[in-house]
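What follows is one structure encoded as structure tokens, with my remarks underneath.
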Amino acid sequence: MFIEETFSYLGNIITIENFLAMLLGVTIGLVIGAIPGLSPPMAIALLIPISFEFNPATALILMVSCYAAGIYGGSFSAILLRTPGTSASAASAIEGYELTRTGQAVMAIKVSTFASVVGGIISGFVLLFLSRSLAQVALWFGPAEYFLIAMLGLTAIASVSFGSVTKGLISGLFGLCISTVGVDQFSSFPRFTFDWIGLQAGIGILPAIIGLFAFAQGLELCAGQAHGNISGLKTLSWNIWPRLSEMWQIKWSLMRGWICGLVVGIIPAAGGSIAQWIAYAWEIRRAKPGDNFGKGEVKGLAATEGSNNGVTGTSLIPMFVLGIPGGISAAVILGALSIHGLQPGLRLFKNNPEVIYTIMWGFIGANVIMAFVAIIMARTFAYLTLVPRGVLGPLIILFSIVGVYAGSNNVYDIWIMIAFGVLGYFMEKYNFSTAGVLLGLVLGPIAEEGLRNLLIISDAAPVSFIMGRPVSLVIVFCIVVILSFTFTRKRKEKAQTEGKSVDD
Amino acid sequence: MPIYIGKAITALSIIAISAYIWIASEEFPANGHQVPQFTSGMAMFLSLFLLFDAFCTRDNSKKIEVDISYASNKQFLMFALVLVYVPAMFWIGYFTSSFLLLILGSLIVGVRSFKPIAITVIISLPLMYAFFEFFLHAQLPQGWLI
């Protein structure tokens, strides 16, 4: 009965108006997502005035389409230039850019498109059929669970640090520490601001990510040979459609990425920024001899790309069913929902099923359209890899600066971004993990808020409090498993290296 | 200078910065000191491993090589250009200063053919202008010029 009712709304999206809304949302999302500094929430907010022209269902289709495409668009620049457009695509920059450097940019785009589109569609179906039952999961998460989820994310640092685990962990701790810069939300006390007004609001993730990845990459390109391009190719292949046989070879990596995205998406405030690292860490843990993680491994890219788009549909579940936005994009969509006179919650499903189910079908349709638009746009963006390094370096630096300024209109953010850029350049040079800093920065506020709330509600006895909560215990178990596997793997790697040198 | 001394200096610098963070965060009210002290304490502990590793693997034959040639340091010149560019955006206008940054930056990095520079400038700047000004309505800095 429920399935029949759900399918009865499928026909609603087959109208010119809804199709154009999907196409417009996808195109804008892809373009804005691909530009470092401009984020999907910004793109969605820009569409709100345009959406007044449409009925509520079409207006919301426009926004959810933009959201799904915005997350994927960030991967273009991450893969092709190592300058992630959004924080949810930072992990893709590691393997994606290495693939580009070895002349496999088109292959990386194929994997990214397949993982993102199918991940988005699966996530859309989960949203459509399981939203009401899964929404209850979001209510299981209290301060203890948020704190532990942040810790789970931090354990990923140990896995994703190539080379020295110690340096990776120090980088993560540094990120965690700088997340505390700014006026403390609990006490309004300024922390590490050095009386500089630019630090009062804290360090934004956007200037940090653009600095650590994009600006540092610009400096790196300026340091090398001016002639020649980053891919080492003269022409690009037009063989851009993903082949099922190619994707079949990485099926388990894709599955792990999608599962990770679907699960993490349900947890409010977690989102693609965390899911990608957990998926990447999981993938590295499953590495087999011969896998080239950190040097251009397709499996790693499949997992990160699958996870960040797997998040998109399920992250809308708490927002639609409970009115709890899972992230900034969901919060903007929630605002748009209210502007169009719709109140989120179970009443929305009861009183306006034609609207909510049309939006959900629209989300799935947008992911299908995204496959076509993305493949053309990605191929066009791929031309950037043919630009001489000496021109591309200054161009990336220029885009980093304008992206940060256009996103916030705050000149202090430019200086913060430049500082992070220089830091990122030297960190890369001396084998410290820039990904670790970013992960610490993303998880810092979640960890700190969770810890402080946990201390209050547990009367400063957090351990016994955690022991009494089954969900917390499951997360603790996951942390222990990840850490033990990581250290076992590192020990094996070390033993293999020592064995090799003895053989040599 | 041997490389292991450089590693030891790095570890000691991290310990010093962490110690500063620990001390500076002591006055933070409402449990605001917990995360900074946890991170700095852990960083100091981990840095001891780096220090230990530096001396355990010491090798006087491996030296830090300082290369002061132009080719090895042009990224720092580019960085200096950026430091001038940011205030210049507000003095002479965003698009004019960006035009200059692209041309001077490419020349600093070592591009000697004007064709790729011209193509990049001709394509990227009008696109950026149209996108940011007309579509996003972003308030980019304007000085004497645009």
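Here are some notes:
- Per the listing A:Val481, A:Val476, A:Val422, A:Val463, the residue uniquely touching a residue at least 24 places away in the same chain (Cβ under 8 Å), assigned to a helix (DSSP H, G or I) and more than 14 Å from chain B (Cβ to nearest Cβ) is A:Val476.
- When B:Lys62, B:Lys74 are checked against the criterion of being in the same structural domain as B:Ile103 (by TED's automatic domain parsing) and not β-branched (Val, Ile, Thr), B:Lys74 stands alone in meeting it.
- Residue within the range A:344-361 that is touching a Phe, Trp or Tyr at 6+ places or on another chain (Cβ under 7 Å), assigned to a loop (DSSP other than H, G, I, E, B) and more than 11 Å from chain B (Cβ to nearest Cβ) present: yes
- For B:Val111, the conditions (1) within 25 Å of the chain's Cα centre (by Cα); (2) in a helix (DSSP H, G or I); (3) β-branched (Val, Ile, Thr); (4) within 11 Å of chain A (Cβ to nearest Cβ) are fulfilled apart from (2).
- Within the range B:82-106, the set of residues being of a type in the set (A, V, I, L, M, F, W, C) and either more than 9 Å from chain A (Cβ to nearest Cβ) or touching a residue at least 60 places away in the same chain (Cβ under 8 Å) (or both) comprises B:Val84, B:Ala88, B:Trp91, B:Ile92, B:Phe95, B:Phe99, B:Leu100.
- Residues of the range B:47-72 satisfying the condition of being within 13 Å of chain A (Cβ to nearest Cβ), under 23 Å from A:Tyr425 (Cα atoms) and loosely packed, with under 13 Cβ neighbours inside 10 Å: B:Ile64, B:Asp67, B:Ser69, B:Tyr70, B:Ala71, B:Ser72
- Under the condition of being in a loop (DSSP other than H, G, I, E, B) and under 25 Å from A:Tyr430 (Cα atoms), the residues counted in the range B:1-40 number 1.
- Some residue of the range A:402-418 being away from chain B (no Cβ under 12 Å), small (Gly, Ala, Ser), in contact (Cβ under 8 Å) with a residue 60 or more places away in the chain and in a helix (DSSP H, G or I): no
- Restricting attention to the range A:77-112 and to residues that are of a type in the set (Ser, Thr, Tyr) and in a helix (DSSP H, G or I), the residue that is farthest from A:Asn292 (Cα to Cα) turns out to be A:Ser87.
- Considering residues of the range A:1-51 that are in a loop (DSSP other than H, G, I, E, B), under 29 Å from the mean Cα position of the chain (by Cα) and not small (Gly, Ala, Ser) only, the residue surrounded by the fewest Cβ atoms within 10 Å (Cβ to Cβ): A:Ile35
- Selection from the range A:174-206 of residues that are within 13 Å of chain B (Cβ to nearest Cβ), under 18 Å from A:Ser433 (Cα atoms) and not in a loop (DSSP other than H, G, I, E, B): A:Phe174, A:Gly175, A:Leu176, A:Cys177, A:Ile178
- For the range A:287-294, the criterion of being in contact (Cβ under 8 Å) with a residue 60 or more places away in the chain, surrounded by 15 or more Cβ atoms within 10 Å (Cβ to Cβ) and closer than 19 Å to A:Ile479 by Cβ is met by no residue.
- When the range B:63-104 is filtered for residues that are under 18 Å from B:Ile146 (Cα atoms) and β-branched (Val, Ile, Thr), the ones remaining, listed by number, are B:Val84, B:Val86, B:Ile92, B:Thr96, B:Ile103.
Let's see how each residue does on (1) touching a Lys or Arg at 6+ places or on another chain (Cβ under 6 Å); (2) crowded, with 21+ Cβ neighbours inside 10 Å; (3) at pLDDT 90 or above:
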site	(1), (2), (3)
A:Trp241	no, no, no
A:Trp258	no, yes, yes
A:Gly265	no, yes, no
A:Leu301	no, yes, yes
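- Condition met for A:Ile369 (buried (at least 18 other Cβ atoms within 10 Å of the Cβ), out of contact with any Gly (no Cβ under 7 Å at 6 or more places or on another chain), aliphatic (A, V, I, L, M) and away from every other protein chain (no Cβ under 11 Å)): yes
The values are calculated or read from the model by the stated rules, or taken from the named source; none is laboratory data. Everything numeric in this text was worked out from a predicted model, so none of it was measured. Note that each Cβ is placed from the backbone with ideal geometry, even for glycine, and that neighbours are counted across all protein chains shown.
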